[in-house]
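In what follows, a single structure is set out as structure tokens and then discussed.
The values are calculated or read from the model by the stated rules, or taken from the named source; none is laboratory data. The structure displayed is predicted, hence computed values, not measured ones. Cβ sites come from the backbone with ideal geometry, for glycine too, and all protein chains shown count toward neighbours.
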Amino acid sequence: MSTSGGEYLLAGGAAELERLRLQARVWEPEAEAMLDRVGIAPGAHCIDLGCGALGILGPLSRRVGPSGRVVGVDVDAKQLAGARAFVQEAGLSNVEILELDAYRTGLPAQAFDLVHVRFVFAPVGRDGELLREMLRLVRPGGIVAIQEPDASSWTCLPPIPRGIG
Ligand SMILES: C[S@@+](CC[C@H](N)C(=O)[O-])C[C@H]1O[C@@H](n2cnc3c(N)ncnc32)[C@H](O)[C@@H]1O
């Protein structure tokens, strides 16, 4: 899944669409807990970069309410179609799905109260580039929220000799 070339190797597949739908449901309680902590007011403008087929569009939509706006961004046609189907089926009129490169969206600067990314830094990389775009999109005093795996505490005992694994 990870690539040093900065592209997403699982793109385009039906299996990946299903995997991301399931993943989003499994992680929804974590997303809700995170949003409880950062606080999203009704009327807020939020963006989920690399949202896949679901991302956290549902929780964001519920929190910002009818006066708010949620933008989901992805580049994969299958994920975009899945996200649009989800938005339509769930009747989320405050959510818009855009086909854009998360690393260079071209959206207006400082336009969002919350800029969110989940599971894009780890599989795609180009961290500085993505973080710069997040910081460009968030309004002064807004929130940049990142949900990514942290493997820094992973340990193997006994230690694996160098060159193996
Ligand atoms: C592991 S999935 C995570 C999906 C979603 N954030 C979630 O947590 O369910 C990574 C997503 O990033 C998207 N992606 C990869 N490169 C991208 C880019 N340059 N711009 C926008 N989306 C991208 C992929 O298409 C895929 O939907």
Could you check how many residues of the stretch 15-71 are within 9 Å of the ligand (Cβ to nearest atom), modelled with pLDDT of 95 or more and touching a Lys or Arg at 6+ places or on another chain (Cβ under 7 Å)? 1
Just the residues that are under 21 Å from Ala31 (Cβ atoms) and among the basic types (Lys, Arg), please, taken from the stretch 110-138. Arg118
The stretch 105-145, subset among the β-branched types (Val, Ile, Thr) and surrounded by 17 or more Cβ atoms within 10 Å (Cβ to Cβ), residue modelled with the lowest pLDDT: Val124
Residues Glu89, Glu99: which one is more than 15 Å from the ligand (Cβ to nearest atom) and among the charged types (D, E, K, R)? Glu89
